[in-house]
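Structure record follows, encoded as structure tokens.
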Amino acid sequence: MKWLAPSTGQATFEGIKNTSLGKLVRDQLLNGILSGAYMPGQALRESELVEQLKVSRVPVREALRELESAGLVVSRKHSGVYVRELSDEEVKDLYQFRSLLDGHAGRMAAQLPDDEREELVRELDTCVTAMDTAISEGNAQGYYSLNLEFHWLFIEYAGNREIAKAYRDVIQKLHLARLKNLSNEAHRVRSNTEHRQIVDALRKVTSPKHAGEYADLLAKHVINAHDRLSVM
């Protein structure tokens, strides 16, 4: 789950020595994009990145190519590389796709054995409480990171690697739109109210027959998030 939000710790030596310099640069740039240090439409100038990161041009070019393949930056002929800006239609499509993934993960959560479902409820409860604290402190970035963790828990418990990969790709593309959404305090409050309802509903699941209803609840929450974004 750590890739979802900017890293706050130091990478281990073992991890570093087994990772190419290009991938380390990619991760550094990805952290910058996810944290908002690099904004949509902002130029990522090769010469500036070389100076800033104290590396040669080769790993910078490798990193930018990987980020372009992931749909996070775009290369413009004779102009350079820019952080990608999503159109309203692209954002809508991504939210709709994400609602399907969240809905499936919700269905799987409702069908978990009792002990696993109770463990998930405890972890979700912890997230919701922490998000309440972030709201009271006016910490939009902290709320955003916890919100990612909340939803990623469902994906983890669903246990499907292909769904996890697709979900990661969608979230990486949507992160700036979601940061904009969750920068509004009223939206954070409403979002976390829905989170609490989601946790309470999971706690009350008593039969697999509730799985469809619970899937709908998760999917609707995602659509509500897009609707809140659309009126900003």
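The values are calculated or read from the model by the stated rules, or taken from the named source; none is laboratory data. Remember, it's a predicted structure, so these values are computed and weren't measured experimentally. Don't worry about glycine lacking a Cβ; one is built from the backbone with ideal geometry, like all the others, and counts go over all protein chains shown. Accessible surface is based on the protein model in full, side chains and every heavy atom, while ligands, DNA and RNA are left aside. Shrake-Rupley method; radii C 1.70, N 1.55, O 1.52, S 1.80 Å.
How large is the accessible surface per residue of the range 39-179, computed with a 1.4 Å probe and reported in Å² as a whole number?
On the way: 7180 Å² over 141 residues.
Result: 51 Å² of accessible area for each residue.
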Worksheet item: What pairs from Lys92/Lys209; Lys173/Lys209; Lys165/Lys209; Lys23/Lys92 go past 32 Å between their alpha carbons?
Response: Lys173/Lys209
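Tell me the Kirkwood hydrodynamic radius of the chain in angstroms, computed as one over the mean inverse distance between distinct C-alpha pairs.
Numbers: mean 1/r = 0.0529 Å⁻¹.
It works out to 18.9 Å.
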Worksheet entry | Dipole axis of the chain (+1 Lys, Arg; -1 Asp, Glu on Cβ), positive-most option in Ala43, Phe154, Tyr144 | Ala43
Practice prompt. Can you tell me how much longer the chain between Ala201 and Glu119 gets when fully stretched, taken as 0.36 nm per residue apart minus their C-alpha distance, in nm with one decimal?
Written response: 28.1 nm
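Could the peptides 36-46, 90-100 be put in order, highest first, of the mean number of other beta-carbon atoms found within 10 Å of their residues? It would help to have the intermediate numbers written out before the result.
Details: 36-46: 14.7, 90-100: 17.6.
The most tightly packed comes first, giving 90-100, 36-46.
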Fill in: Helix-only CD estimate at 222 nm, as mean residue ellipticity for the chain, using -39500 (n - 2.57) per DSSP H run (n ≥ 4)
-24000 deg cm²/dmol
